[in-house]
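Structure, as structure tokens:
Any read-out appearing in this document is the output of simple, stated calculations on the displayed coordinates, not a laboratory observation. Here the structure is a predicted model, which means the values were calculated and not measured. Cβ placement follows ideal geometry from the backbone for every residue including glycine, while neighbour counts extend to all protein chains displayed.
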Amino acid sequence: MRILYLLLVVLFVVVQGVAGQSYLSSPIRACRIRRGICFFGRCPQPYHHVGSCGLRSSCCVRYVEVQGIPIAMAES
């Protein structure tokens, strides 16, 4: 009977660790969360590379400095 409690605790710990992860996450969605745009190859000039969107695609963000602090601009 003690093993049942131990297995229940282990199951709870495993479920807690997985609870924050989305099963349908994709690199494109992660790029959108960073306010980025996916470009094939390298980022064009006003944009900066912040990650990847998959095979040979770059996640790019355009930054603007506000009082010396770089802030990502939202694309419309």
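Of note:
- For the range 37-76, fraction of C-alpha pairs farther apart than 17 Å, in %: 30
- Take the Cα of Leu11, step 7 Å toward its Cβ, do the same at His48, and the gap between the two points is 4.8 nm.
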